[in-house]
Amino acid sequence: MVLALTLAHLDTPSIIVERNLHTTRHPKMDLTNGRSMEIFRALGIADELRAVAVPADQPLDVIWATSPGGHILHRFAYPSPNAAREIARLNNDGTATHEPSMRVSQVVLEPALKAQLDASPLIDVRFGWAFDGLRQSNDGVIASLFCTDTGMNEAVACDYLVGCDGGGSRVRDAIGIESEGDYAIAEFYMIHFRCARSDVFTRFGPVFHLQTSSGTLISQNGNDIWTLHVLAPPDADPKTLLRDFVGAEIDAEILVANPWTPHMTVAKTYRDGRVFIAGDAAHQVIPTGGYGMNTGVGDAADLGWKLAAVCKGWGGESLLTSYEAERRPVALRNREAAARHVIVRQQISEQIHNAQALGDLDAPDAAHRRIAVGRAIAALGNLENESWGIEHGFTYCGSPLLESETVEPTFNPERCEPSTAPGCRFPNYYLDNGRPIADKFGRGFTLLAIGSVEIGRIDACALAIGMPLKIVRLEVEPSTQKLESLIILVRPDHHIAWRGDQQPDDWRPILNRVVGLVSPLIPEERVA
């Protein structure tokens with residue numbers, strides 16, 4: 001859905017095929033991170049999505065406790081999205097996103113996204129149609145589809161096909177792409193339920209995640225919908241699992257309950273000819289950190305503008321090749337980060353179990369043991385919810401589209417290090433009027449020029465190859481002085497394409513490279 005919306009944003013038509021008649025009813029993904037929200041803001045739909053999410057004044061606290069009715073061991077306190085937005089504006093140091101994260105279940109998010117699809121004249125939405133196979137040639141792809149209701153078959157000719165069809169991707173199988181990594185690393189059981197007595201789970205105040213040594217409870221709507229994940233065999237009884245987690249019988253309506261097994265895999269390649277894969281079809285990770293869907297949204301933002309550029313005629317083959325070069329390293333880093341978070345969870349659970357082995361941890365005389373466990377949890381930390389480098393500080397340095405600088409920025413998984421080096425996401429700075437600089441970007445490329453610096457004939461060069469370009473002049477003020485360069489070329493996905501303090505002798509080779517038109521060069525007469 002995000003890929004289709006990205007293509008439409010750049011005036012490129014697409015067909016979206018979904019075998020189910022409706023959006024997902026399976027509770028998965030509970031946080032859309034700040035980088036994904038920046039992408040939704042660029043698409044012009046952030047406000048519409050927040051309208052269906054958990055209210056933005058609710059905090060994102062993560063609590064470790066002995067049990068929902070027991071004692072807090074440690075609280076990792078995080079601001080609400082509203083507060084986070086204000087903190088980012090006041091700090092204005094480039095480390096945050098200009099859209100804070102958003103608490104929302106994918107069950108709620110998908111219908112809101114589909115409403116945007118249905119409203120677009122450039123998107124042919126086909127729910128109830130399934131992919132059955134493909135044939136490709138140098139000129140295009142023939143996709144075989146069938147209607148799941150009537151059984152009717154249809155062959156659809158397209159320029160490109162993208163498999164966004166999940167971990168069991170039929171598209172990935174059809175083109176013979178293999179994945180590497182570990183499968184079924186644990187046995188989990190999920191219980192998604194409604195409980196009107198929210199006081200059972202909010203004894204410690206509003207909470208996003210309530211975690212104990214036996215499971216993780218997620219507040220899905222900030223009110224009466226909850227999801228519990230516990231380690232349990234496939235034949236476990238969900239009512240028993242819920243009772244054991246709470247420590248007592250509760251009146252709950254179980255909406256969905258099923259076993260599931262996380263995988264830690266990344267596809268060995270993201271492309272075969274005119275066929276690509278994205279999202280869970282390309283990578284699967286355990287949910288610690290919330291990197292699954294959010295990484296997929298990043299895939300869509302990267303691949304979307306590149307496919308649009310090629311279909312519109314201003315992007316070249318190197319642009320499509322760069323998709324895997326830029327996005328696969330992100331998936332590998334995110335998989336490693338998710339694995340590190342799992343280890344921390346295990347260490348915290350061991351601390352709790354060790355303390356419980358000495359006696360009831362909720363007993364009045366166990367206060368000293370609870371304090372000791374809390375200190376141990378605080379020392380182990382909660383990078384699962386604080387790895388800002390992973391979430392929005394990643395770079396595409398080394399991409400074939402970009403020239404490497406003498407000293408490239410160092411990637412820090414724990415912190416977003418703001419930089420305008422080519423490959424970096426444009427850092428979030430606010431102008432004196434309180435607006436983020438990124439709000440001035442166009443739908444295509446954007447050239448930022450600070451002060452009165454000369455920029456030459458870049459507009460004519462862009463026009464010659466059909467590359468959409470918006471030129472933005474910014475005054476010299478505190479925020480623009482932090483940008484490290486006077487001229488910055490920003491891609492449609494808001495990553496830096498090029499920077500400098502003066503105009504280059506010739507814009508043509510630079511533009512040719514950043515849009516994948518490495519050769520031939522633009523003829524001189526077309527820039528006259």
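If the reach is capped at under 23 angstrom between alpha carbons, list the lysines near residue 28, excluding any in the same chain fewer than eight residues apart.
Output for residue 28: 114, 239.
Take the Cβ-Cβ distance between residue 475 and residue 47 as r, set R0 to 35 Å, and report the resulting FRET efficiency rounded to the nearest 0.05.
Efficiency for this residue pair is about 0.80.
How would the range 396-527 be classified by its alpha-carbon gyration tensor: rounded, prolate or oblate, with rounded meaning a/c under 1.5 and the a/b versus b/c comparison settling the rest?
oblate
Read phi for every residue in the range 226-240 and hand back ³J(HN,Hα) as whole Hz from Karplus 6.51 cos²θ - 1.76 cosθ + 1.60, θ = phi - 60°, with x for Gly and Pro.
With the stated coefficients, the range 226-240 comes to 9, 10, 10, 10, 9, 6, 6, x, x, 8, 5, 9, x, 5, 5 Hz.
May I ask you to compute the full-extension gain from residue 72 to residue 86, defined as 0.36 nm times their residue separation minus their alpha-carbon distance, rounded to one decimal in nm?
2.2 nm
Among 164, 311, 147, 461, rank each residue by its count of other Cβ atoms within 10 Å, from fewest to most, as a rough exposure measure.
147, 311, 461, 164
Let me check I've understood the local charge: for residue 474, count other residues with C-beta under 13 angstrom from its C-beta, Lys and Arg +1, Asp and Glu -1. What total comes out?
Local charge sum for residue 474: +1.
Excluding residue 287 itself, calculate the net charge of residues whose Cβ lies under 9 Å from the Cβ of residue 287, where each Lys or Arg counts +1 and each Asp or Glu counts -1.
With Lys, Arg at +1 and Asp, Glu at -1, the neighbours total 0.
Mind checking the full-extension length gain between residue 502 and residue 235? Use 0.36 nm per residue of separation minus the Cα-Cα distance, one decimal, nm.
89.5 nm
For residue 405 and residue 184 in one chain, what is 0.36 nm times their gap in residues minus the Cα-Cα distance, to one decimal in nm?
Stretched out fully, the residue 405 to residue 184 stretch lengthens by 75.5 nm.
Within a Cβ distance under 14 Å of residue 322, other residues only, what is the Lys/Arg minus Asp/Glu net charge?
-1
Return the calculated 222 nm mean residue ellipticity for the chain, to the nearest 500 deg cm²/dmol, obtained by summing -39500 (n - 2.57) across DSSP H runs with n ≥ 4 and dividing by the residue count.
Value at 222 nm, helices only: -9000 deg cm²/dmol.
May I ask which residue of 278, 321, 421 lies farthest towards the positive end of the charge dipole of the chain, with charges of +1 (Lys, Arg) and -1 (Asp, Glu) on Cβ and the Cα centre as origin?
Among 278, 321, 421, the one farthest towards the positive end of the dipole of the chain is 421.
Nearest 0.05, what FRET efficiency do residue 135 and residue 15 give at R0 = 22 Å with Cβ-Cβ as r?
Once the sixth-power term is evaluated, E becomes 0.85.
Could you rank the peptides 275-281, 391-397, 18-24 by their average count of other C-beta atoms within 10 Å per residue, with the highest value first?
Going by the mean number of other Cβ atoms within 10 Å, highest first, we get 275-281, 391-397, 18-24.
Among 26, 71, 368, which comes first, second and so on when ranked by fewest other beta-carbon atoms within 10 Å?
Least crowded to most crowded, the residues run 368, 26, 71.
Under the rule of at least 5 residues apart or a separate chain, name every residue whose amide H is placed under 5 Å from the amide H of residue 165.
Residues meeting the criterion, in which the H sits 1.01 Å from N, are 278, 281.
What ³J(HN,Hα) values, in whole Hz, does the Karplus curve 6.51 cos²θ - 1.76 cosθ + 1.60 give for the range 296-309 when θ = phi - 60°, with x put for Gly and Pro?
Listing the rounded values in order: x, 4, x, 4, 4, 5, 6, 6, x, 5, 6, 5, 4, 4 Hz.
Within a 10 angstrom radius of the beta carbon, how do 305, 314 rank from fewest other beta carbons to most?
Taking fewest neighbouring Cβ atoms as first place, the list is 314, 305.
I'd like the GluC sites (Glu not before Pro) in the range 103-211 restricted to DSSP loop residues with at most 15 other Cβ atoms within 10 Å, sorted by number.
Within the range 103-211, the qualifying GluC sites (Glu not before Pro) (loop, at most 15 other Cβ atoms within 10 Å) are 178, 187.
Bear in mind these aren't lab numbers, they're just calculated from the coordinates by the rules spelled out. From a predicted model like this one, the values you see are computed outputs, not experimental measurements. Virtual Cβ from ideal backbone geometry, glycine too; neighbours counted across all protein chains shown.
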